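See below for the structure under consideration.
The values are calculated or read from the model by the stated rules, or taken from the named source; none is laboratory data. Computed from a predicted structure; not experimentally measured. Virtual Cβ from ideal backbone geometry, glycine too; neighbours counted across all protein chains shown. Just so you know, the surface numbers come from the protein's heavy atoms only, side chains and all, with ligands and any DNA or RNA stripped out. Shrake-Rupley method; radii C 1.70, N 1.55, O 1.52, S 1.80 Å.
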Amino acid sequence: MDRELDFDEVAKLAASSAEALAGYPADLAGMIGEMVLWLERHRLPGLALLAGWLENAPLFNADAAGPQIDADGMVGFPDPFIGGMFIVDRFDEWTLPGLMEGPEHGAALMTPFLAMGAHKRSMPLEIVFFGDESTQGEAGRLT
């Protein structure tokens, strides 16, 4: 029997998956559930994106998940959720347009955080995903 999940079930499934499969702490897993729900409500494949991330994500390590800044000042985000929270906290300090390096799998999971940051600044936002040499077909644009 096929049936669609309601929004509460989507959030709970995402949170429990993040906790069980990648070792996210319960409070962070709950936030992940809410971000996946945001994606689904905006007609983006939140559960599928989370599944792709969890399939490739290392076991959660708070120290390794934080943003990394290279010698040129480029910010890289190994974890889409910790990176997303960093973005929301510092969105007012960013000069836009800007370029950042998301995690190899799951960069689109950062979309709700970028939207929250733009909302805080009362500004429109366009997000372009470039992909890389091996994933050019996955490049896309959100407005």
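Full extension of the chain between ASP6 and ASP70 gives 18.9 nm of extra length, using 0.36 nm per residue less the Cα-Cα distance.
In order along the range 73-90, phi translates into HN-Hα couplings of x, 6, 8, x, 10, x, 10, x, 8, 5, x, x, 5, 4, 4, 4, 5, 10 Hz, rounded to whole numbers, per the Karplus curve 6.51 cos²θ - 1.76 cosθ + 1.60 with θ = phi - 60° and x for Gly and Pro.
Taking amide H positions as modeled 1.01 Å from N, with prolines and chain starts lacking one, the residues under 5 Å from ILE127 and 5 or more places away or on another chain are LEU142, THR143.
Only Lys, Arg, Asp and Glu carry charge here, each on its Cβ (+1 for the first two, -1 for the last two); on that basis the range 34-88 has a dipole of about 280 debye about its Cα centre. Annotation for ARG41 and ARG90: the two label points, set 7 Å from Cα along the Cα-Cβ direction, are 2.8 nm apart.
For the range 1-94, the solvent-accessible area with a 1.4 angstrom probe is 59 square angstrom per residue. Here the Karplus relation 6.51 cos²θ - 1.76 cosθ + 1.60, evaluated at θ = phi - 60°, turns the backbone of the range 49-62 into coupling constants of 5, 5, 4, x, 5, 5, 5, 10, 6, x, 4, 4, 9, 4 Hz, with x for every Gly and Pro.
For the range 105-118, backbone phi angles converted through the Karplus equation (6.51, -1.76, 1.60; θ = phi - 60°) give residue-by-residue couplings of 10, x, 4, 5, 5, 7, 3, x, 5, 4, 5, 5, x, 5 Hz, Gly and Pro being listed as x. The slack in the chain from SER122 to MET100, taken as 0.36 nm per residue of separation less the alpha-carbon distance, amounts to 5.8 nm.
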